[in-house]
Amino acid sequence: MVRKNISRIYTALIFIFLYTPIVVLIVFSFNNSKSRGNWDGFTIKWYIQLFSNKEILRSLYYTLIIAIVSSLFSTIMGTFAAIGIYDMRGFTKKFALNLNYLPVLNPDIVTAVSFMVLFKMAKLELGIVTIILAHITFCTPYVILSVLPKLKQMNKHLAEAALDLGATPFYAIRKVIIPQIMPGIVTGALLAFTLSIDDFVISFFTAGKGVSNLSIMIYSMARRGINPVINALSTLMFLTLMVLLLIIYKRSNKEEAQTIEN
Amino acid sequence: MKTKFTKSILLSLFIVFSIFTISGCSDDRPTINIYNWGDYIDPEVLDIFEEEYNVKVVYDTFATNEDLYVKIKQGGSSYDVIFPSDYMIERMIKENLIQKIDINKIQNIENVDERFMNLDYDPDNQYSVPYMWGTVGIIYNKNLVNRPLTKWADLWDEEFKGEIIMLNSQRDTLAVALKKLHYSMNTRNIDELEEAKNELIKQRPLVYAYQGDEIKDSIISEEAAIGVVWSGDAVAMMRENPNLVYVLPEEGTNLWFDAMVIPKDAKNVELAHEFINFMLRPDIAAKNAEYIGYSSPLPKAIELLSDELKNNKVAYPDFSELENTEIFKDPSDMLQEYDRIWTEIFSSM
Amino acid sequence: MKLNKHGYFYLVWMAIFIAIPLLMVVYFAFTTGDSQSISSFSFSLENFKRFFTPMYLEVLNKSIQLALISTIICLLLGYPVAYIISKEKIQYRNVLILLFVIPMWMNFLLRTYAWLTLLGKNGIINFFITRLGFKPLDLLYNDLAVLLGMVYNFLPFMVLPIFSVLTKMDNSLIEASWDLGANKFKTFMKVTFPLSLPGVISGITMVFIPAVSTFVISSLLGGNKTYLIGNLIEQQFRYTGDWHFGSAMSIILMVFILISMALTSKFDKGKEGDGGGLW
């Protein structure tokens, strides 16, 4: 019992450590003063200003578009690539895996810089396309790394049987493989989305005219002081995502319970 | 069941996405692309411009002159109006990155104070039109510092250990040390730079932090007592905390300008001229200067400012006070030297 | 199975967006000239010579030290949490582990800014300290603050892979160990921990790499008094404009990381040469 309590307290402490800064951010989004340090009374004016601040709304729009498109695309590409790599042999497999590891192991500043050099040499105009290409590229390896372990746990014979029975590879993937590795795909997609939303360095080096996501804007805003409207926006985004996640979680729990019953 | 649910999520994401895309491109007015410092314009001014000229403004921001330089130099972004500072304008002219402005299209140029025209960085104002100007100085909290500060050398006083915030900028911080030693901040003499380096190494234990613009928050919230800041920031900071005092150090300081220029690869040159001319309209310039707190170079605009700002000696000092100032020159061939010195300061334990 | 062809599209993609750009960085590293006009480049080892001087090596050394310490702290803090959570009932443990991912949805820069509010001289922590009658502490702008920032930002990367390995672990092995008379501690040391090594190694990798290459944390929480290799690289690309020297340092950092990861994975006997699972 004592041991149980100790581990409860320990876990609680870790979560306090993780969430204190977030609570501070949320609390300060209701701060009347524009300055970060001083508490100067309660207000919701930043939330009201948020809806008339075009610049911030536009970067929110780009943040979401970039995150949604690149996580969708990298999830699809990553899943198929993982299935492909899983089925490769020998040198090709090793090569593919190591290539896949490169962006994970590379410091993001190196990846960012190399993208910038590439786009410049290819004479691509920097903008939404380049930033999405870059995001897809650095998100996909994480999708693959979350799907691969599930593939290894999967019952290989089922897919083989399907193929032997005349199923096309695509049909086998859709009906046999994907359902088995779904948890890995979902984790991968979530991860890709999170990485894309949270990225600053790579976006910064690959964004162009008219396109800036929240990270880029916060960073350039820092020069003249962070506008508390950003705190308000982050609070809203954070709560929305949290609610969304809770709903998904509730749904999937229910479904799990149902499948067990059936 | 599960796949159905996944499908519905995907579908809803797709719908959200397409709504965004559709709402994003339902605009066929002519577009002007502007690239400016973060939080350095009154957003309402942009709205007025959009309305009066029936155009669409796409507005992006950057954090340092060097960020701006990299973006412009690498090309492909084609902004129509950008806002570099003095030495960066010099460099951009040298590297052929910006184009000449057709002065006939900028009638409002006559509103600009003569003092701010034809400066060294652009001798005949062929390329640039002043936007804002200011000085660099020491800001301190008179409640936390027991004597008035007057010179850069005060920043080396042991008594203020852990209270000083310096700028995290090679150029500006080296300039402070050079000025303390009574050298030119544009010096190309390696010995003088080495001396400045040693001064900064000596100062390092006294410094609380080297910051960019977080410095404003730190000083306002009395996190530290003394800082090196730009005059426009000082105005904003003193509005928030009345205990703050801004001084121009005796040894002399930096006078700087931010100006509007048109990059070589601008797509809408005509509109760029109209925008620059618009920004020089006294009512617009006054509205803008009131909002950001930096000093406008247009006497007619200054007249329209609130009394509080108009009489603010930090934003609008007597010109006699500005005699002992220097404008930065383009240092591009000295950059490696600056970089080495800067790294030596921070790798010396 | 004939599924491997699905991997080739990805290989082509990676060749274009990872291999070619990296080769360009290598090319920059071994040349000098005006960064902006390729035709002026000439082959040179100058950039590397310049790096291997005491000044720059000291910066690299400092970065490695801080990254190592923060990795160790993350491991010491993260392993027990991952272990405790993995022993919870399924429906709780999934929520608990999600709680480690959620903070990442608050922008990274903002989260780090929030620590300024907490640690400052007049910050929230010092407010409580002075209320209790103690003298305020210098918490911000030193190496400890940088370490804290690293641990805070990268702890989830340690917990997630360890958790994922622990939950997949075959419980019958642990039971067997008990049956054979081993106590809890011995079982943990001889069975659980060795089996969780792949997760530990993934965790170490995922924490060490961003920690050794960060420039934002040292800049915001270290007050730029602590200069790390990431700051040096950023400086070259963003301020000095010497892409060649910046590329050379990137390559050095990359090679260093790849070598140390190759060495670490030697300890990971369970790995079947397929990269293992990060999550």
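Per this entry, C:ILE90 is not counted among residues that are under 27 Å from A:ARG8 (Cα atoms), hydrophobic (A, V, I, L, M, F, W, C) and in contact with a Leu (Cβ under 9 Å, 6 or more places away or on another chain).
Applying a threshold of 7 Å to beta carbon distances and a minimum spacing of six or more residues, or different chains, the list of pairs starting in region C:237-250 at a residue that is within 12 Å of chain A (Cβ to nearest Cβ) and ending at one that is at pLDDT below 75 reads C:TRP243/C:SER35; C:HIS244/C:SER35. Restricting C:LEU155, C:LEU148, C:LEU144 to residues that are out of contact with any helix residue (DSSP H, G or I) (no Cβ under 8 Å at 6 or more places or on another chain), at pLDDT 90 or above and among the aliphatic types (A, V, I, L, M) narrows the list to C:LEU144.
Exactly one residue among B:ASP60, B:ASP28, B:ASP67 is part of a loop (DSSP other than H, G, I, E, B) and either at pLDDT below 85 or of a type in the set (A, V, I, L, M) (or both), and that residue is B:ASP28.
Go through region A:176-225 and give me each residue that's of a type in the set (Lys, Arg) and either in a helix (DSSP H, G or I) or in contact with an Asp or Glu (Cβ under 6 Å, 6 or more places away or on another chain) (or both).
A:ARG223, A:ARG224
Taking the listed residues C:VAL81, C:VAL151, the one that is closer than 30 Å to B:GLY162 by Cα, in the same structural domain as C:GLY223 (by TED's automatic domain parsing) and either touching a Lys or Arg at 6+ places or on another chain (Cβ under 9 Å) or surrounded by 18 or more Cβ atoms within 10 Å (Cβ to Cβ) (or both) is C:VAL151, with no other qualifying. The lone criterion from (1) surrounded by 24 or more Cβ atoms within 10 Å (Cβ to Cβ); (2) at the interface with another protein chain (Cβ under 7 Å from one of its Cβ atoms) left unmet by A:SER220 is number (1).
Among residues of region B:285-328 being without any contact (Cβ under 8 Å) to a residue 60 or more places away in the chain and part of a helix (DSSP H, G or I), the one that is nearest to B:PRO43 (Cα to Cα) is B:ALA286. Of the residues examined, C:LYS49 is one that is over 30 Å from C:ARG93 (Cα atoms), basic (Lys, Arg) and more than 9 Å from every other protein chain (Cβ to nearest Cβ). The number of residues in region B:194-212 that are touching a helix residue (DSSP H, G or I) at 6+ places or on another chain (Cβ under 6 Å) and of a type outside the set (Gly, Ala, Ser) comes to 5.
Look at (1) under 18 Å from the mean Cα position of the chain (by Cα); (2) facing another protein chain (nearest Cβ under 7 Å); (3) of a type in the set (Gly, Ala, Ser) and you find that A:ALA96 fails only one, number (1).
Please verify whether A:LEU57 is surrounded by 22 or more Cβ atoms within 10 Å (Cβ to Cβ), out of contact with any strand residue (DSSP E or B) (no Cβ under 7 Å at 6 or more places or on another chain), closer than 30 Å to C:TYR113 by Cα and more than 12 Å from chain C (Cβ to nearest Cβ), treating the condition exactly as stated. Please lay out each step first, then the result.
Numbers: surrounded by 22 or more Cβ atoms within 10 Å (Cβ to Cβ): no; out of contact with any strand residue (DSSP E or B) (no Cβ under 7 Å at 6 or more places or on another chain): yes; closer than 30 Å to C:TYR113 by Cα: yes; more than 12 Å from chain C (Cβ to nearest Cβ): yes.
No; evaluated as a whole, the condition is false for this residue.
Of the strands (runs of 3 or more DSSP E) lying entirely inside region B:198-267, those containing at least 2 residues that are touching a strand residue (DSSP E or B) at 6+ places or on another chain (Cβ under 8 Å) and not assigned by TED's automatic domain parsing to the domain that holds B:LEU178 span B:253-263.
Kindly check whether there is at least one residue in region C:195-203 that is modelled with pLDDT of 80 or more and over 30 Å from A:ILE144 (Cα atoms). No, that holds for no residue. Identification of helices (runs of 4 or more DSSP H) wholly contained in region C:119-206 with 2 or more residues that are of a type in the set (Asp, Glu) and without any contact (Cβ under 8 Å) to a residue 24 or more places away in the chain yields C:171-179. If the condition is being within 20 Å of A:VAL201 (Cβ to Cβ), free of Cβ contacts under 8 Å to residues at least 24 places away in the same chain and more than 8 Å from chain C (Cβ to nearest Cβ), then region A:99-139 contributes A:LYS120, A:LEU124, A:VAL129.
The values are calculated or read from the model by the stated rules, or taken from the named source; none is laboratory data. All values derive from a computational prediction rather than experimental measurement. Heads up, the Cβs are rebuilt from the backbone with ideal geometry, glycines too, and the neighbour counts pull from every protein chain shown.
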